[in-house]
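Working notes, beginning with the structure itself.
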């Protein structure tokens, strides 16, 4: 499949666009929830900083990988999980590099928390999206294991 074919299919796939928006929201919520838990969400400037430091690195990798993994043109659980594992792991790595943080125990703790929390958010969102799609009378979208 050529890139133009993939792009054309994405534009004809409103469910894929919906999934992309919801996935992005989940990755942003990850940062906001973390800031709320740590008591650092004290206004719009703090939320923006949390987005830049925590969500943006993951989002960049996520949407760079998505076309290659066909996360939205052929949405499967396997594509989602592969995109999640690679993007969150690489995004956390780039976050630590960009912030000049040491790769010590704190890195592994943050990485584990990021993996667990983003997976929970994404699975909840994707499950709701699938239920909504099935409720609308549309067939299940290529859900393979």
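The values are calculated or read from the model by the stated rules, or taken from the named source; none is laboratory data. Keep in mind it's a predicted model, so treat the numbers as computed, not measured. Quick reminder, even Gly has a Cβ in these numbers, built from the backbone with ideal geometry, and neighbours come from all protein chains shown.
Could you pull out every one of the helices (runs of 4 or more DSSP H) wholly within segment 17-112 that has 1 or more residues that are more than 19 Å from residue 123 (Cα to Cα) and under 15 Å from the mean Cα position of the chain (by Cα)? Can you show your working first?
Numbers: elements: 44-50, 56-69, 77-99.
Output list reads 56-69, 77-99.
Spot the failing condition for residue 34; the list is (1) closer than 25 Å to residue 79 by Cβ; (2) at pLDDT below 95; (3) surrounded by 18 or more Cβ atoms within 10 Å (Cβ to Cβ), and only one is missed. The number of the failed condition is (1).
Checking the structure you have, find out if any residue of segment 126-136 is surrounded by 15 or more Cβ atoms within 10 Å (Cβ to Cβ), within 23 Å of residue 52 (Cβ to Cβ) and modelled with pLDDT of 95 or more. No, segment 126-136 has no match at all. If the condition is being at pLDDT below 95 and under 18 Å from residue 92 (Cβ atoms), then segment 37-74 contributes 37, 38, 40, 49, 50, 51, 52, 53, 54, 55.
Would segment 98-109 turn up any residue that is surrounded by 19 or more Cβ atoms within 10 Å (Cβ to Cβ) and in contact (Cβ under 8 Å) with a residue 40 or more places away in the chain? Give the steps one after another, and end with the answer.
Let us first name the residues in segment 98-109 that are surrounded by 19 or more Cβ atoms within 10 Å (Cβ to Cβ), namely none.
No, segment 98-109 contains no residue that is surrounded by 19 or more Cβ atoms within 10 Å (Cβ to Cβ) and in contact (Cβ under 8 Å) with a residue 40 or more places away in the chain.
Close contacts from segment 40-67, counting a first residue that is in contact (Cβ under 8 Å) with a residue 60 or more places away in the chain and a second that is surrounded by fewer than 17 Cβ atoms within 10 Å (Cβ to Cβ), with Cβ to Cβ under 7 Å and a gap of 6+ residues or different chains, come to 67/6. Filtering 83, 79 for residues that are free of Cβ contacts under 8 Å to residues at least 12 places away in the same chain and crowded, with 17+ Cβ neighbours inside 10 Å leaves a single hit, 79.
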